[in-house]
Amino acid sequence: MKQPSHIQISGEGLPAPRGHFSHAVRAGNTVYVSGLLPFDDTGAVVAPGQIGPQTERIFEILTCILRSAGAGCADVVQMTSFVTDIGQRAHVNEIRARVFGTTKPASTLVEVSALAAAGALIEIDAIAVIPG
């Protein structure tokens, strides 16, 4: 029987995505993580209007998803961050530096007029390569 070309990944303990998509998809050793919004376990936006706590929450979710795929933040090779106020990038960068340490994935930061959830100020997607 033919192996599937990709595997859908759900973060253990995370609520199901809102819509017809997966938290992430693994194709070979590459993990493609969908855009993550700062939702709590009930599906509400964490700290509406506060980019720091929202960024922290997104990295918690990202870590959970990567762990479910057999990877970690050190395996992230590319990230795109969408923010509603580019002037808040220093807060985002401070948290990124803490999360990634010496790992510096290729990254893009884009300012957008709005995100899919009211009160959300940031959304992050990522690509990771599983070691081995």
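Derivation of every value follows stated rules applied to the coordinates shown; laboratory data play no part. Quantities reported herein were computed from a predicted structural model and do not represent experimental measurements. All Cβ positions, glycine included, derive from the backbone under ideal geometry; neighbour counts span all protein chains shown.
Using a basic spin-label model with each label point 7 Å from the Cα along Cα→Cβ, how many nm lie between ILE86 and GLN8?
Reported label-point gap for ILE86 and GLN8 is 3.7 nm.
Helix 51-69 sits at what angle to the longest principal axis of the chain, using alpha carbons and giving 0 to 90 degrees rounded to 10?
For 51-69 against the chain, the angle is about 0 degrees.
Starting from the Cα-Cα distance between ALA106 and THR30, subtract it from 0.36 nm times their residue separation and give me the gain in nm to one decimal.
25.9 nm is the gain from fully extending ALA106 to THR30.
To the nearest 20 Debye, how big is the dipole of the chain about its Cα centre, given +1 on the beta carbon of each Lys and Arg and -1 on that of each Asp and Glu?
Roughly 360 debye, rounded to the nearest 20.
Express the Stokes-Einstein translational diffusion coefficient of segment 47-107 in µm² s⁻¹, to the nearest whole number, given a Kirkwood radius over alpha-carbon pairs, 37 °C and a viscosity of 0.692 mPa s.
Answer, rounded: 269 µm²/s.
How are the alpha carbon pair distances in the chain distributed across 10 Å bins from zero to the largest one, expressed in percent?
Reading the bins upward from 0: 13, 45, 33, 7, 1, 0.
For helix 89-100, report the angle its Cα long axis makes with the longest principal axis of the Cα atoms of the chain; keep it between 0 and 90° and round to the nearest 10°.
Between helix and principal axis, roughly 40 degrees.
Roughly what % antiparallel, to the nearest 5, for the DSSP beta bridges in the chain?
Once the DSSP bridges in the chain are tallied, antiparallel ones form about 75 percent.
For the peptides 98-108, 42-52, what is the packing order when you average, over each peptide's residues, the other Cβ atoms within 10 Å and list the highest mean first?
Answer by packing, highest mean first, reads 42-52, 98-108.
Once every DSSP H run of n ≥ 4 in the chain is given -39500 (n - 2.57) and the sum is divided by its residues, what mean residue ellipticity at 222 nm do you get, rounded to the nearest 500 deg cm²/dmol?
It lands at -7500 deg cm²/dmol.
Under a plain spin-label model, where a point goes 7 Å from the Cα along Cα-to-Cβ, how far apart in nm are ASN93 and ALA44?
Simple spin-label model gives 3.3 nm for this pair.
Using only the Cα atoms, work out Rg/Rh for segment 20-71, with Rh taken as the Kirkwood radius, to two decimals.
1.02
Which of the GluC sites (Glu not before Pro) found in segment 7-72 are loop residues per DSSP with 16 or fewer other Cβ atoms within 10 Å of their Cβ?
Of the GluC sites (Glu not before Pro), the ones in loops of segment 7-72 whose Cβ has at most 16 other Cβ atoms within 10 Å are GLU12.
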